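So the structure is just underneath, and the comments pick up after that.
The values are calculated or read from the model by the stated rules, or taken from the named source; none is laboratory data. A quick note: this is a predicted structure, and the numbers were derived from the prediction, not measured. Note that each Cβ is placed from the backbone with ideal geometry, even for glycine, and that neighbours are counted across all protein chains shown. Just the protein is used for accessible areas: all its heavy atoms, side chains included, with ligands, DNA and RNA removed. Shrake-Rupley method; radii C 1.70, N 1.55, O 1.52, S 1.80 Å.
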Amino acid sequence: MLAWAFPCSNADEVGALLRALGKHRYLMESEHRIHWAVDAALAEHEPFAHHARQFSERRRRERDLDPSSYEPTLWRAASAEEIGEVLRIFWTPGRPALDAASRLRALIQHEGLPIPQRAPFEGDPDFPDHPQLIQLSWRLLPICDLDPARHAGALRALEDCGEEVDVSAPVDQEGPDLGVLELTEGALEGSPVSEFLIWADGSRVYSDYVFRGACKVARLPWEPESPEAED
């Protein structure tokens, strides 16, 4: 996969980008997930309070549930709007962010999970720290399924470049690893300490076309940086 950099300057711009990536006409499906610890840390805010109560009730029912495990149901489906709100709370300087960060770190440590000893956004993408608190993924339509009229722009770009790709394969895209460090230390004075990366496989031209369109819809005054190295 190749990493594409989006130098968003605050949580609102990241949120706008996520919403745009979930609504364009090349999208086959998206799947975003939030870990239970995020809901618990944000239990003073809706809609997270509702999900935090549900998880607390589940823990009372399921005595053998291990909240520190890789059990898939410890993550719940979430919308791009919810993910954007998580980032807004954690990354906006002020008392709500400090309180949320303190609660999140306490929850992680209470379950016996380590706080990584590294800087935010500097983890190994092949071996992300557990738990990944926010998971972001999208799947684009295979090139062979693009409609000549509805998807003319991308098809024209692909034809002009002559890129050799598997036209029958869906294009998968993944967001960055967002763990405890990224949420609690990932933005200084409200600005992310690193470019916001999205990883994509398949055609570079296809991803480039979709990402540029998403930036335009999100009203971001830049174009995504072209990938320079393969993962």
- Note down the net charge around Y26, summing +1 for each Lys or Arg and -1 for each Asp or Glu among other residues with Cβ under 11 Å from its Cβ. +2
- Any idea what % of Cα-Cα pairs in the stretch 86-207 are farther than 19 Å? 58 percent
- Query: When the chain is modelled as a GNM with alpha-carbon springs shorter than 10 Å, which of A149, A80, A218 fluctuates the most?
  - Reply: A149
- Item | Given charges at Cβ of Lys, Arg, Asp, Glu: the stretch 136-183 dipole, positive-most of L140, V180, V167 | L140
- Message: Using a 7 Å offset from the Cα along the Cα-to-Cβ direction at both S56 and R219, what is the distance between the two label points in nm, to one decimal?
- Response: 3.8 nm
- Query: Tally Lys and Arg at +1 and Asp and Glu at -1 over the other residues with C-beta under 9 Å from the C-beta of V205: what net charge comes out?
  - Reply: -2
- Task: Could you work out how far apart the two model spin labels at S68 and R25 are, taking each label as a point 7 Å from the Cα in the direction of the beta carbon, and quote it in nm?
- Result: 5.1 nm
- Note on the structure: In whole angstrom, the spacing between the Cα centers of the stretch 150-206 and the stretch 11-35 equals 11 Å
- Ordering C144, C215 by the accessible surface of their heavy atoms, 1.4 Å probe, largest first, yields C144, C215
- What does the charge dipole of the chain about its Cα centre add up to, to the nearest 20 debye, if the Cβ of each Lys and Arg holds +1 and the Cβ of each Asp and Glu holds -1? 1100 debye
- Karplus 3J(HN,Hα) series, Hz, for the stretch 116-129 with 6.51 cos²θ - 1.76 cosθ + 1.60 (x for Gly, Pro): x, 9, 7, 7, x, 6, 10, x, 7, x, 7, 9, x, 5
